[in-house]
Each structure stands twice: as structure tokens, then as C-alpha cells.
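S.K.: Okay, here's the structure, questions in a sec.
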Amino acid sequence: MTMFPSFLPATVNQLTEPTSIALAQRIQTQAIATPLDNQSITTSYVNQGSGGTPILLIHGFDSSVLEFRRLLPLLAQENETWAVDLLGFGFTDRLSGIAFSPTAIKTHLYHFWKTLINQPVILVGASMGGAAAIDFTLTYPEAVEKLVLIDSAGLKGGSPLTKFMFPPLDTWATGFLRSLKVRDRIARSAYKDPSFASVDALYCAALHLEMVNWSQALIAFTKSGGYSAFRFKKLAEIQQPTLILWGDADKILGTEDGKRFKRAIPHSKLIWIANSGHVPHLEQPKITAEHIIEFGRE
């Protein structure tokens, strides 16, 4: 029997792919003190590899560190690599009474960084994690040496769920998202090659739904408005070298936003990831890792 950390839901035993099992086994927790609450926030993360500039990976909306099961081990061959579950997401504790908003998310992320890493990182954000990474970089520039955006949100505001977030529809909306059928449909549209939407991928994407207060935190985050669109003037303030990686067949965000980020962020370059949809780190992990490592060396 494979041993997993005890705080993970029992369904973790249904994982079948070696990369998923290996990453789930590596998930740790750390109590992080923040100004958000008197109680420390038990925060889930993965840390692997050594040397080089540390890389910190930020997952997308309603996701977890398991999103990086294929990318993280490849990056860790060259650099110390971290992935963290943002406040309100993944396997990080959802304390009641905390405002699950973008401001709270970056405050928690800063204290995670300060507590465990405390040196400038290559910050990598995927999808909504890209918007979180931009927000963090603009607020705490001293913590970020370089920025990597993978099919990043941040040019269109809000969450598509916002319109459903009033009682009793808020419970209905999260119930809708809890459905494995719905999650499978979302996953299929995220890949260029739908065969990636395997049963194992579905378990990876749904495991954190069993955590305490999952729906309450998701409702609270969505009601906060989520990440609003960054104005070009704001994006122009990013001083860090920025690498924009974009799947050439992204059906979730399309491909125009990749070019718009390139125009808006001063020291940026855009690289298209061939044969990939919205999640190149899952569909083309090897080439994605190579681009990030090379960018880190530059």
C-alpha cells in the first residue's frame, strides 16, 4: 500500500499515474503566521530539488499543487522548486472568518515565502495563478527575481461564477463544480489532446474538493470579485524580466491575450508552446520546463 500524508482525503489512494502518486506523497504542511488571523494557517506545499534560483509555482482557479505533478520534478532537476496551495485553495486550511480575496491571497503567499524561502524567486503562475503572480510581483517586487506566466489570466476580470453567487444559487454553483462530469468537461476543453483528460487527471483535479470548507471558501473568493483585469498602465510597472508561455491551441483564454501581455509588460518575451491547449505544463511538460530553466539561466 502506497503511503500518503494523513491530511489528504482517502480518495488519494485512487491515483494511478506515477507522477501523481509521487507528488501527492511529497505534499507537506507548515503553520504560517499571517496578519489575516490570530491562528496560523496550515499551508500545503511541495519542495523538491536544490541549487539555482528557487522556483515557486502558483496553480490556477479551484486547483492545487497536483496541477504541477509533471512539471515540478523536471524543474527540480536543475533548481530548488516549490509549489504552494494558495489561501482558499488546494489542501491549505480554510479558516472561517478569513476574507478569501486576492488581497488575502497575496498576504498569505508573502508570509509563506518569507517563512520558508526568503530569497528572490522565479515566480511561475498558470491561468488564475498568473493573475495571482502578477498581483504578488507588483506588491512585493523584492520577492520576485523573474516572472513566468503560463496561459495567464489577468486581462479579463472576475469569475464566470460571480453571477450565480447569491443564496441559494451559490451552493448550487459550487455543487455544479463538485460534479466529476462537469470537471471532466472543463478538463477536456483545457487540453488540445482530450486523451489527457484521464481518470487519474480527474482525481487530481477533484481531490481537494473533500477538504473542510471547500465550497464556503470558493463562494467567498468568487463573491470578492476574484482578480479584476490589470490595466496596461499597471502591467507596465512590472520591472522583472518576464517569460510568457502560451499554448498555441488555448480554447479557454484564446491566444490574443498572450500577445497583449507581451505588448503590456516591458521586459517580456512570448514563446508559443506547440500542440498545447490551456495547460502546457500538463500537456507539454518537458518543453515547458526547458523554457523556464533556460529563462532562469539568462
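The values are calculated or read from the model by the stated rules, or taken from the named source; none is laboratory data. In this text, all values refer to a predicted model and were calculated from it rather than measured experimentally. When we count neighbours, we look across all protein chains shown, and the Cβ atoms used for this are built from the backbone with ideal geometry, even at glycine.
Yes/no matrix, rows are residues, columns are (1) surrounded by fewer than 16 Cβ atoms within 10 Å (Cβ to Cβ); (2) of a type in the set (A, V, I, L, M); (3) over 30 Å from Glu142 (Cβ atoms):
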{"position": "Lys181", "(1), (2), (3)": "yes, no, yes"}
{"position": "Ala206", "(1), (2), (3)": "no, yes, yes"}
{"position": "Val212", "(1), (2), (3)": "yes, yes, yes"}
{"position": "Ala217", "(1), (2), (3)": "no, yes, no"}
{"position": "Gln240", "(1), (2), (3)": "no, no, no"}
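S.K.: Continuing with the same structure: Could you count how many residues in segment 1-59 are within 24 Å of Ala201 (Cα to Cα) and in contact (Cβ under 8 Å) with a residue 40 or more places away in the chain?
M.R.: Adding up the residues that qualify gives 25.
S.K.: While we're here: Could you grab me the full set of residues in segment 57-66 that are in contact with a strand residue (DSSP E or B) (Cβ under 7 Å, 6 or more places away or on another chain) and under 19 Å from Asp184 (Cβ atoms)? Don't jump to the end; show me each part of the working.
M.R.: First, pick out the residues of segment 57-66 that are in contact with a strand residue (DSSP E or B) (Cβ under 7 Å, 6 or more places away or on another chain): 57-60, 65.
If the condition is that a residue be in contact with a strand residue (DSSP E or B) (Cβ under 7 Å, 6 or more places away or on another chain) and under 19 Å from Asp184 (Cβ atoms), then His59, Gly60 are the ones that fit.
S.K.: Here's another thing I want to ask about it. For the subset of segment 125-148 comprising residues that are β-branched (Val, Ile, Thr) and not in a strand (DSSP E or B), which member is surrounded by the fewest Cβ atoms within 10 Å (Cβ to Cβ)? Outline the logic, then answer.
M.R.: We begin by selecting, within segment 125-148, every residue β-branched (Val, Ile, Thr); these are 134, 137, 139, 144, 148.
Imposing the further condition that a residue be not in a strand (DSSP E or B) reduces the set to 134, 137, 139.
On the way: Ile134: 27, Thr137: 23, Thr139: 15.
Ranking the candidates gives Thr139 first.
S.K.: Within segment 183-204, how many residues turn out to be touching a Gly at 6+ places or on another chain (Cβ under 9 Å) and either hydrophobic (A, V, I, L, M, F, W, C) or crowded, with 19+ Cβ neighbours inside 10 Å (or both)?
M.R.: So the count comes out to 4.
S.K.: Take the conditions more than 18 Å from the chain's Cα centre (by Cα) and either modelled with pLDDT of 95 or more or within 30 Å of Leu15 (Cα to Cα) (or both) and apply them to Ile186. Does it pass?
M.R.: Details: more than 18 Å from the chain's Cα centre (by Cα): no; either modelled with pLDDT of 95 or more or within 30 Å of Leu15 (Cα to Cα) (or both): yes.
Answer is no for this residue.
S.K.: Something else now. Scan segment 99-116 residue by residue and report those that are modelled with pLDDT of 95 or more and either surrounded by fewer than 20 Cβ atoms within 10 Å (Cβ to Cβ) or over 19 Å from Val46 (Cβ atoms) (or both). Before you say what the answer is, go through the steps one by one.
M.R.: Keep residues of segment 99-116 that are modelled with pLDDT of 95 or more, which gives 100-116.
Of everything in segment 99-116, those that are modelled with pLDDT of 95 or more and either surrounded by fewer than 20 Cβ atoms within 10 Å (Cβ to Cβ) or over 19 Å from Val46 (Cβ atoms) (or both) turn out to be Phe100, Ser101, Pro102, Thr103, Ala104, Lys106, Thr107, Tyr110, His111, Lys114, Thr115, Leu116.
S.K.: Sticking with this structure for a sec: Output the strands (runs of 3 or more DSSP E) that fall wholly within segment 24-97 and possess 2 or more residues being at pLDDT 95 or above, surrounded by fewer than 23 Cβ atoms within 10 Å (Cβ to Cβ) and within 19 Å of the chain's Cα centre (by Cα), or say none.
M.R.: Numbers: elements: 28-32, 41-48, 55-58, 81-84.
Strands (runs of 3 or more DSSP E) meeting the threshold: 28-32, 41-48.
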